[in-house]
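Student: Before I ask anything, let me first share the structure, which is written out below as structure tokens.
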Amino acid sequence: MTIGPTIPSMYLDKRLQDDKQYGLSLFNPMTNACMPWLNERSTSSVVYISFGSIAEVDAEQMEEVAWGLRTSNYYFLWVVRESESNKLPKDLVKETSDRGLVISWCPQLEVLAHKSIGCFITHCGWNSTLEALSLGVPMIAMPQWTDQSTNAKFVIDIWKMGIKAQPDENGIVRRDVIGQCISIVMEGEIGQEIRKSAKKWKEFARQAFEEGG
């Protein structure tokens with residue numbers, strides 16, 4: 001049984017110079033599209049959104065996320081798999097091109113490690129959760145199924161690295177809730193406390209990964 005994070009060494013202790021990726025990817029990451037874009041953004045100014053490689057988000061929820069991002073006034077990088085792209089509002093990409101980038105897949109470790117990322121809207125799959133924890137990225141939890149609600153509870157109540165975007169009685173997280181969550185995490189006192197906790201857990205992860213850790 002593995003103890004501690006299993007993400008590549010170069011994102012933690014940097015002892016293994018060639019250990020930069022997992023060695024497999026279900027999709028082709030659009031590195032050349034997203035990394036130069038992130039390089040142009042200032043520190044902690046971008047909201048990163050990804051619901052992972054498997055979860056299917058219904059069209060109503062996609063629209064609510066889109067509107068939440070539209071009205072948040074932050075830069076955003078949103079990973080929408082090709083199989084899910086037909087659920088996006090048709091004018092979203094054109095109308096938000098000045099501050100948003102929608103891509104089909106990305107090198108998530110590189111993205112989460114980038115200085116421009118201010119928070120991560122995530123489904124709380126275990127890989128994504130561990131990566132965000134290990135790289136010290138505050139999270140907005142939108143769990144969908146299986147273990148994700150448990151993972152979200154750890155993020156919020158145990159590690160105190162984020163908040164949950166609460167769904168309504170129909171199970172949909174509405175645009176105003178998404179916008180409020182972004183504001184809470186990206187600015188204000190609660191956001192500062194979350195970033196403090198994120199920094200602490202990032203250091204714990206690094207220590208756990210070191211020789212003898």
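Student: Amide H of LYS164 versus every other amide H placed in the peptide plane: which residues, excluding those fewer than 5 positions away on the same chain, fall under 5 Å?
Tutor: HN-HN under 5 Å from LYS164: ALA141.
Student: Among the GluC sites (Glu not before Pro) within the range 163-200, which fall in a DSSP loop and have no more than 10 other Cβ atoms within 10 Å of their own Cβ? Please report the intermediate quantities before stating the final value.
Tutor: Values: sites: GLU169, GLU187, GLU189, GLU193; in loops: GLU169, GLU187.
Loop-located and lightly packed - GLU169.
Student: Within the range 56-72, what residues put their amide N at less than 13 Å from the label point 7 Å along the Cα-to-Cβ vector of GLU187?
Tutor: Flagged as within label range: 72.
Student: Could you size up the charge dipole of the range 74-134 around its Cα centre, putting +1 on the beta carbon of Lys and Arg and -1 on that of Asp and Glu, and report it in debye to the nearest 20?
Tutor: On the way: 6 positive and 7 negative charges, 15 e Å.
Charge dipole, the range 74-134, about its Cα centre: 80 debye, nearest 20.
Student: Something else now. Given Cβ point charges of +1 (Lys, Arg) and -1 (Asp, Glu) and nothing else, what value in debye, to the nearest 20, does the dipole of the range 79-213 about its Cα centre take?
Tutor: Details: 17 positive and 18 negative charges, 31 e Å.
In total the dipole reaches around 140 debye.
Student: Ok, one more. Check each of the GluC sites (Glu not before Pro) in the range 56-121 and keep only those in coil by DSSP with at most 15 other C-beta atoms within 10 angstrom; list them in order. Walk me through the intermediate numbers first.
Tutor: Details: sites: GLU56, GLU60, GLU63, GLU64, GLU82, GLU84, GLU95, GLU110; in loops: GLU56.
Those satisfying the criteria are GLU56.
Student: Further question: Quick one: accessible surface of HIS123, probe radius 1.4 Å, all protein chains present, in square angstrom to the nearest 10.
Tutor: The accessible area of HIS123 comes to roughly 20 Å².
Student: Using only protein heavy atoms and a 1.4 Å probe, report how much of TRP126 is accessible, in Å² to the nearest 10.
Tutor: Accessible surface of TRP126 is approximately 110 Å².
Student: Can you send over the solvent-accessible area of LYS200, 1.4 Å probe, protein chains only, in Å² to the nearest 10?
Tutor: Rounded to the nearest 10, that gives 100 Å².
Student: I've got another one for you. Which length gain, in nm to one decimal place, applies between SER42 and LYS199 when the Cα-Cα distance is subtracted from 0.36 nm times their residue separation?
Tutor: Numbers: separation 157, 0.36 × 157 = 56.52 nm, distance 1.87 nm.
Extra length available between SER42 and LYS199 comes to 54.7 nm.
Student: If each residue of separation counts as 0.36 nm, what is the full-extension length gain between ASP98 and SER149 once their alpha-carbon separation is subtracted? Write down the numbers at each step before the final one.
Tutor: Numbers: separation 51, 0.36 × 51 = 18.36 nm, distance 3.38 nm.
Gain on stretching ASP98 to SER149: 15.0 nm.
Student: Quick one, what does Rg over Rh come out to for the range 128-183 if you take C-alpha atoms and the Kirkwood Rh? The partial results should precede the final answer.
Tutor: Details: Rg = 11.3 Å, Rh = 11.7 Å.
Answer for the range 128-183: 0.97.
Student: Quick one: what are the phi-derived ³J(HN,Hα) couplings along the range 132-141, Karplus 6.51/-1.76/1.60 with θ = phi - 60°, whole Hz, x for glycine and proline?
Tutor: For the range 132-141, the Karplus-derived couplings read 5, 4, 5, 9, x, 9, x, 10, 10, 8 Hz, x marking Gly and Pro.
Student: At q = 0.09 Å⁻¹, what log₁₀ I(q)/I(0) does the range 64-213 have when each alpha carbon counts as one equal point scatterer in the Debye sum?
Tutor: -0.28
The values are calculated or read from the model by the stated rules, or taken from the named source; none is laboratory data. The structure displayed is predicted, hence computed values, not measured ones. In this analysis, Cβ positions are derived from the backbone assuming ideal geometry, glycine residues included, and neighbour counts consider all displayed protein chains. Note: accessible area is taken over every heavy atom of the protein model, side chains too, but ligands, DNA and RNA are not part of it. Shrake-Rupley method; radii C 1.70, N 1.55, O 1.52, S 1.80 Å.
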